[in-house]
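The values are calculated or read from the model by the stated rules, or taken from the named source; none is laboratory data. From a predicted model like this one, the values you see are computed outputs, not experimental measurements. We place every Cβ from the backbone using ideal geometry, glycine too, and count neighbours over all the protein chains shown.
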Amino acid sequence: MTSFAVTVPTGFEIRHAHGGEGWSATIDGSTATWTGGSIAAGSTTTFGVVLKADRSPGAVALQAEEGYGGGEVVRWPVALTVVPGAASPSQNVALAVVVALLGMLMVMAVVVLAWRRRTLQER
C-alpha cells in the first residue's frame, strides 16, 4: 500500500490527521490523505484522524481508500458510531442557575413556615 485516504460524509469536519513514520497527511475538505510511505504485504500501521461531528448520535460510514504502487485502488466502508459529547459550559451554567433558584425557593419556604409557626405560637 502506498497511499490511504478517508472521506467523511456531510455533518463531519476533519480537524487533524496523523500517520505513522514516513507518511505525510493532508486534509482537503472532507478527505484526509496519507502518502509518502509504504506498507509491505502482511504489515500494519496506524493512521489517525480527529473529527468534529455536527450531527445527531448514531451509526455512520466513512469511505476508506487504499492505493497501491501499480495503480490499483481498494475502497471499503469504515463503520463509526457518533456518541453524545459532554455538556457544553453554557448548559452547565444554566443547570447551576436552575438548581440555585430551586435552593433559594426551598430556603424561602422554610423561612415562611418557621415564621408562620412562630406567629401561631405567640397567639
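Are any residues in the range 10-32 surrounded by 13 or more Cβ atoms within 10 Å (Cβ to Cβ) and not small (Gly, Ala, Ser), and if so, which ones?
Scanning the range 10-32 gives Phe12, Glu13, Ile14, His18, Trp23, Ile27, Thr31.
Of the residues in the range 33-44, how many are aromatic (Phe, Trp, Tyr) and surrounded by fewer than 15 Cβ atoms within 10 Å (Cβ to Cβ)? If you could, list the steps in order and put the result at the bottom.
Initial filter on the range 33-44 (aromatic (Phe, Trp, Tyr)): 34.
Narrowing further to those that are surrounded by fewer than 15 Cβ atoms within 10 Å (Cβ to Cβ): none.
Going through the range 33-44 one residue at a time, the tally reaches 0.
Looking at this structure, is Ala32 in contact with a Gly (Cβ under 6 Å, 6 or more places away or on another chain) and not in a loop (DSSP other than H, G, I, E, B)? Step through it out loud before you land on a result.
On the way: in contact with a Gly (Cβ under 6 Å, 6 or more places away or on another chain): no; not in a loop (DSSP other than H, G, I, E, B): yes.
Answer is no for this residue.
This table checks each residue for (1) basic (Lys, Arg); (2) modelled with pLDDT of 80 or more.
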site: Thr7; (1), (2): no, yes
site: Gly20; (1), (2): no, no
site: Gly42; (1), (2): no, yes
site: Lys52; (1), (2): yes, yes
site: Gly71; (1), (2): no, yes
site: Ala86; (1), (2): no, no
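Which numbered condition trips up Phe47, out of (1) loosely packed, with under 15 Cβ neighbours inside 10 Å; (2) among the aromatic types (Phe, Trp, Tyr); (3) within 22 Å of Val82 (Cα to Cα)?
Every listed condition holds for Phe47 apart from (1).
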